[in-house]
1. Can residue 162 be described as surrounded by fewer than 24 Cβ atoms within 10 Å (Cβ to Cβ), touching a residue at least 40 places away in the same chain (Cβ under 8 Å), in contact with a strand residue (DSSP E or B) (Cβ under 8 Å, 6 or more places away or on another chain) and not in a loop (DSSP other than H, G, I, E, B)?
2. Within region 166-192, which residues are without any contact (Cβ under 8 Å) to a residue 12 or more places away in the chain and either touching a strand residue (DSSP E or B) at 6+ places or on another chain (Cβ under 6 Å) or outside any loop (DSSP other than H, G, I, E, B) (or both)?
3. Go through region 79-97 and give me each residue that's outside any strand (DSSP E or B), in contact with a helix residue (DSSP H, G or I) (Cβ under 8 Å, 6 or more places away or on another chain) and modelled with pLDDT of 95 or more.
4. Kindly indicate whether residue 520 is within 21 Å of residue 111 (Cα to Cα) and in contact with a helix residue (DSSP H, G or I) (Cβ under 6 Å, 6 or more places away or on another chain).
5. Quick check on my filter: what residues within region 550-579 are under 31 Å from the mean Cα position of the chain (by Cα), assigned to a helix (DSSP H, G or I) and either surrounded by fewer than 22 Cβ atoms within 10 Å (Cβ to Cβ) or on the phi > 0 side of the Ramachandran plot (or both)?
6. Take residue 18 and decide whether it is in contact (Cβ under 8 Å) with a residue 12 or more places away in the chain, surrounded by 15 or more Cβ atoms within 10 Å (Cβ to Cβ) and under 26 Å from residue 105 (Cα atoms).
7. Just to be sure, is residue 12 surrounded by 15 or more Cβ atoms within 10 Å (Cβ to Cβ) and either out of contact with any strand residue (DSSP E or B) (no Cβ under 7 Å at 6 or more places or on another chain) or closer than 30 Å to residue 481 by Cβ (or both)?
8. Have a look at 342, 382, 376 and point out the one that is under 24 Å from the mean Cα position of the chain (by Cα), crowded, with 23+ Cβ neighbours inside 10 Å, outside the structural domain of residue 431 (by TED's automatic domain parsing) and modelled with pLDDT of 95 or more.
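The values are calculated or read from the model by the stated rules, or taken from the named source; none is laboratory data. Worth saying up front: this structure is predicted, and the values here are computed from it rather than measured. Cβ placement follows ideal geometry from the backbone for every residue including glycine, while neighbour counts extend to all protein chains displayed.
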């Protein structure tokens, strides 16, 4: 239960009663009425801005309206106090019975606590990673992979029908470079001395496997053939080989996408050509000359007529080219075809997770989606800043296998997928992130992964100890839900319950904002509260979770501990991180 959403419904109902009784004028718009945690928790448990946003249209002073509404809210079940603060905010305090019932909800729901029907089954396409299929994934790609995957899980948890997608950029010049690079390794696999890799080709040793596999399949078939003969075959083989490698790397990270869409397939069936026809029919293209790009020297720029899309009509800064100098399609044109294809497949709601190097494409692509879907398609692009990989504070720059970058697989093999996934979500996607290979595995309170996992492990440790020390207590969560929770009287215990009860709201707000990193922040705060209560028990034996001589108190505190474990596990489940049972 999202208690803030529930209370918003209650507040709106009371406003409707006030309207029916002529205390408020008819026709007021309640959409801006919010119920949230108060900024200062000392003021109460929940707060509403109803009087602040309705006073002017109601022709009343905010304090006057607040006094009337607070008087009605004070009489509600579970409300022990309704007070007016500042210019007209209303703060409510709720009784202990209300909070104890939230604890019982957690125990009965388990890790499903917080799941909701917010999305009402709406189809959402989340496309992420989508790196060019020219080599293994790097640690930089890991961030987009984790953000996209966690966002997809978050949306699914609150009721959206999510499809996870990977877009294979297999139609541009970079895959021709890949094919030539693989062909060189193919010749090497057949015994030819190839010397240094020529500039402009991919030098990574990972392509040796591709060359050897091609030689094993085709023998010397392509050795004496002209490029025109072998290029299409080697290109298809190399792309398939790279995608197998990428899929394996994603699987090692715990990422499994539902759909892999091919840019080349869209080109081959004429989707890009059809996009052009559609835009031309709607009068959205023209031949023109773009201005010199702002910033940088743009030494290779020259004024030339190009086929342009009127993207400025849809919120972009400048119109955008659809064709290159040589008459071939721009990447942008292919991207338009791809996004229209997603829309036609039943996804008016689209989320793309891109790397920082694609940030300049956001406005043009969202403009194109608006144009091609008559405004019915909605695209949200999440840009992931680069990851700085370090070891002991020093930058790590090279990978023996990749030649020029550190592979994702290298990092997973060293620190584990769960560490990679959690750390990638400890900052907002558009904030810089340092990933220190030594610090992320430290067993210290400075390490957020360890800090959260230690909180879960402590809960599980006490529950295991309880099974031995107080075997008469049934530790089944449903049984613990029947404990007499009135024995939870300490302020730290009550504060922890209130914190756990915010989990459903946090899930829904994070999903609506498309910001899975909020979960990491929440889990850290819950862990901090649990550790604080644990430390209080270390200093004062009366506050310990396990008091064998006081079974009723112990049972109530075990109910609280199990609830903490469930909420932490629920958050880690969204991240696809396994909660640890004990720390070694």
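1. Working: surrounded by fewer than 24 Cβ atoms within 10 Å (Cβ to Cβ): yes; touching a residue at least 40 places away in the same chain (Cβ under 8 Å): no; in contact with a strand residue (DSSP E or B) (Cβ under 8 Å, 6 or more places away or on another chain): yes; not in a loop (DSSP other than H, G, I, E, B): yes.
No.
2. As a first pass, look at region 166-192 and keep what is without any contact (Cβ under 8 Å) to a residue 12 or more places away in the chain: 173, 191-192.
173, the sole residue that qualifies.
3. Filtering region 79-97 down to residues outside any strand (DSSP E or B) leaves 86-88, 95-97.
Now restrict to residues that are in contact with a helix residue (DSSP H, G or I) (Cβ under 8 Å, 6 or more places away or on another chain): 87-88, 96.
Passing the criteria: only 96.
4. Values: within 21 Å of residue 111 (Cα to Cα): yes; in contact with a helix residue (DSSP H, G or I) (Cβ under 6 Å, 6 or more places away or on another chain): no.
The answer is no for residue 520.
5. We begin by selecting, within region 550-579, every residue under 31 Å from the mean Cα position of the chain (by Cα); these are 559-579.
Cutting the leftovers down to assigned to a helix (DSSP H, G or I) gives us 559-575.
If the condition is that a residue be under 31 Å from the mean Cα position of the chain (by Cα), assigned to a helix (DSSP H, G or I) and either surrounded by fewer than 22 Cβ atoms within 10 Å (Cβ to Cβ) or on the phi > 0 side of the Ramachandran plot (or both), then 569, 573 are the ones that fit.
6. Numbers: in contact (Cβ under 8 Å) with a residue 12 or more places away in the chain: yes; surrounded by 15 or more Cβ atoms within 10 Å (Cβ to Cβ): yes; under 26 Å from residue 105 (Cα atoms): no.
Spelling it out, it is not the case that residue 18 is in contact (Cβ under 8 Å) with a residue 12 or more places away in the chain, surrounded by 15 or more Cβ atoms within 10 Å (Cβ to Cβ) and under 26 Å from residue 105 (Cα atoms).
7. Values: surrounded by 15 or more Cβ atoms within 10 Å (Cβ to Cβ): yes; either out of contact with any strand residue (DSSP E or B) (no Cβ under 7 Å at 6 or more places or on another chain) or closer than 30 Å to residue 481 by Cβ (or both): yes.
Here the answer is yes, as residue 12 does meet what is asked.
8. Values: 382 fails: crowded, with 23+ Cβ neighbours inside 10 Å; 376 fails: crowded, with 23+ Cβ neighbours inside 10 Å.
Sole residue among the options that is under 24 Å from the mean Cα position of the chain (by Cα), crowded, with 23+ Cβ neighbours inside 10 Å, outside the structural domain of residue 431 (by TED's automatic domain parsing) and modelled with pLDDT of 95 or more: 342.
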